[in-house]
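Right, one structure below, let's go through it.
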Number of protein chains: 2
Amino acid sequence: MDGAPGFRPLYRQVYDHLVKQISTGVWKAAEALPSEHALASSLGVSQGTVRKALDAMASENLIERRQGKGTYVSQYNEQSALFRFFRMAHPGGEKVIPDCGEKSISRRPANATEARKLAIKPDDMVVELRRTRWVEGRPAIFEMIVLPLALFPDIDRYDPLPNALYTLYQAEFDINIVQAEEELHADIARKEDASRLDLPLGSPILQIDRIAIDIAGRPVELRTSRCDTARLVYAVSIR
Amino acid sequence: MDGAPGFRPLYRQVYDHLVKQISTGVWKAAEALPSEHALASSLGVSQGTVRKALDAMASENLIERRQGKGTYVSQYNEQSALFRFFRMAHPGGEKVIPDCGEKSISRRPANATEARKLAIKPDDMVVELRRTRWVEGRPAIFEMIVLPLALFPDIDRYDPLPNALYTLYQAEFDINIVQAEEELHADIARKEDASRLDLPLGSPILQIDRIAIDIAGRPVELRTSRCDTARLVYAVSIR
DNA sequence: GAGTGGTCTAGACCACGCA
DNA sequence: GCGTGGTCTAGACCACTCT
């Protein structure tokens, strides 16, 4: 349980401890944690304190609690990973599921911007993945994804890639994406957009720049998406 | 405390009760609620149960808790209301504060779409507000806001309007905005955008369509913003 | 020092899943 | 029927604010 000087409440220390267990792979995706009672006695705190830590983790989607069964490390599946981080939808709110089209994948050194955003050294190797995603029979999104090779060894050998990449990161590399920071702006279709998305040059394009953060708080993926928003919108709820 | 058949836990009933007190104006913005102990004994439940309800309300920004002082209904100020619902920022994340330029305001009957989205009858009167918002000396956003007149009587007589309208809704009309649903898409500058935002025709424009929801769960405002994203981005954090 | 919210505990009972 | 998480209670003590 350790003791830190900066003074955090007990339940916070339990929280940090449990998050560390998950982020270091002691408990892996979809595995059950020990019961509240077992955790409480092994950590020497009351069940209520463990419960408060677990409640906080559940509200951040790090774990899932199932009454009568137990507490499980969150497991992504195609559906949940997609619906959590894929924000494109029909106007009015109806969900949309994209398919994947052509892709290309390559290794190269990181450029200065990528190195800064990924907290790696310039010229550290990255994997660059480009793919087109289709919605209802038409190309809708063109994605460029940059990953530090050190965290995803040989990811360029996986084929085919799943629709929701975060399931692959979790299953094969023990990297749990728990947060994403996105910045959006409008742009105009350039030559590559026009051919990839089958649009006239100059059509409006929504560009999304994402930095994905894993459970340990590391930035682990950069993703730029260029979207045709003629039929789809980017949907957000602000609370 | 009432009793509902559908069966909600006690703390949930306390939560609903307290939210209703706020949404019906029993406790107004910035006022203190009774202490946890006082609420517990007046409602005939334990302090822990009241606490759980208040914690939930605090996590939804309905109230603010101050240790040693008390629990207060959330009060918007220019800063907090802006930073919560205004998502435009500099690339990289630095916050931005807009100023207001010219505005025009008028009354008219709602059209069919507006009536549906605001859950009012077609031809019920609405107030339409148009304004330009400036960032760092240049026009950046053109907004069109639609409000049901029934909820905002004579709002068109207020002048000048505050930068963050939600402070006005709260202070003058007891309407607390707690949530907003937004849909974004890319578009091309039309004639009105070009003149309002001082852009060439055909420039990329980010359009944001918002429905704002108040504490009682009612849709109370429609807002369409057309933004020049040459210098600003729309920033979101997904957790 | 009095009053507030914040933490922590211990224990009872309920609701659910499963064998 | 047992083990799990979910709810609810009662009470002790801590940390903060104000007078």
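Using Stokes-Einstein with the Kirkwood hydrodynamic radius over Cα pairs, what translational diffusion coefficient do you get for region B:60-123 at 10 °C and a viscosity of 1.306 mPa s, in µm²/s rounded to a whole number?
The estimated diffusion coefficient comes to 99 µm²/s.
The calculated FRET efficiency for residue A:144 paired with residue B:21, based on their beta-carbon distance and R0 = 51 Å, is about 0.50. Placing a pseudo-label 7 Å from each Cα along the Cα-to-Cβ vector at residue B:224 and residue A:10 gives an inter-label distance of 5.7 nm. Among the listed pairs B:28/B:121; A:20/A:52; A:28/A:103; A:103/A:191; B:95/B:117; B:28/B:103, a Cα-Cα separation exceeding 20 Å is found for B:28/B:121; A:28/A:103; B:95/B:117; B:28/B:103.
Between the alpha-carbon centres of region B:132-175 and region A:23-60 there is a gap of 47 Å. For chain B, the dipole from Cβ point charges (+1 on Lys and Arg, -1 on Asp and Glu) about the Cα centre works out to 400 debye, to the nearest 20. Considering chain B as a Gaussian network with a 10 Å cut-off on Cα pairs, which listed residue, B:93, B:137, B:217, attains the greatest mean-square fluctuation? Evaluated over chain B, the most mobile residue of the options is B:137.
Convex hull volume of the C-alpha atoms in region A:1-112, normalised per residue: 227 Å³. Roughly speaking, to the nearest percent, how much of chain B's 1.4 Å accessible area is carbon and sulfur? That fraction is 53 percent.
For region A:10-73, the Kirkwood radius over C-alpha pairs fed into Stokes-Einstein at 4 °C and 1.567 mPa s yields D = 113 µm² per second.
Tell me the Kirkwood radius of chain B: reciprocal of the mean inverse pair distance over distinct alpha-carbon atoms, in Å.
Values: mean 1/r = 0.0505 Å⁻¹.
Over chain B, the inverse of the mean reciprocal pair distance is 19.8 Å.
Take each residue in A:226-237, count the other chain C-beta atoms within 10 Å of its C-beta, and the mean is 5.
What FRET efficiency comes out for the pair residue A:38/residue B:51, r = Cβ-Cβ distance, R0 = 25 Å, nearest 0.05? The calculated FRET efficiency here is 0.45. Counting Cα-Cα pairs of region A:118-201 in 10 Å increments starting at 0 gives whole-percent bin shares of 13, 39, 34, 13, 0.
In vacuum, with every alpha carbon of the protein assembly as shown counted as one equal point scatterer, what does the Debye formula give for log10 I(q)/I(0) at q = 0.05, 0.08, 0.14 Å⁻¹? Two decimals, please. Cα-only, vacuum Debye calculation for the protein assembly as shown: -0.23, -0.59, -1.49. Between copies, residue B:173 shows label-point distances of 4.9 nm, shortest first, with the point placed 7 angstrom from Cα along Cα to C-beta.
Distances between equivalent label points of residue B:150 across the copies, with each point positioned 7 Å along Cα→Cβ, amount to 6.2 nm, shortest listed first.
Charge tally for residue A:224 (other residues, Cβ to Cβ under 14 Å; Lys, Arg +1; Asp, Glu -1): -2.
Under a Gaussian network description of chain B, with springs only between Cα atoms under 10 Å, the residue in B:158, B:76, B:11 that fluctuates furthest is B:158.
For region B:157-235, the alpha-carbon coordinates run over 41, 28, 20 Å along the three principal axes, in decreasing order. So what is the 222 nm mean residue ellipticity for chain A from helices alone, if each DSSP H run of at least 4 adds -39500 (n - 2.57) and you divide by all residues, rounding to the nearest 500 deg cm²/dmol? Value at 222 nm, helices only: -8000 deg cm²/dmol. In this rough spin-label picture, where each label sits 7 Å from Cα along the Cβ direction, the residue B:113-residue A:125 distance is 5.1 nm.
The values are calculated or read from the model by the stated rules, or taken from the named source; none is laboratory data. Here the structure is a predicted model, which means the values were calculated and not measured. Every residue, glycine as well, gets a Cβ built from its backbone with ideal geometry; the counts of neighbours run over all protein chains shown. Keep in mind that these areas ignore ligands, DNA and RNA; they rest on the heavy atoms of the full protein, side chains included. Shrake-Rupley method; radii C 1.70, N 1.55, O 1.52, S 1.80 Å.
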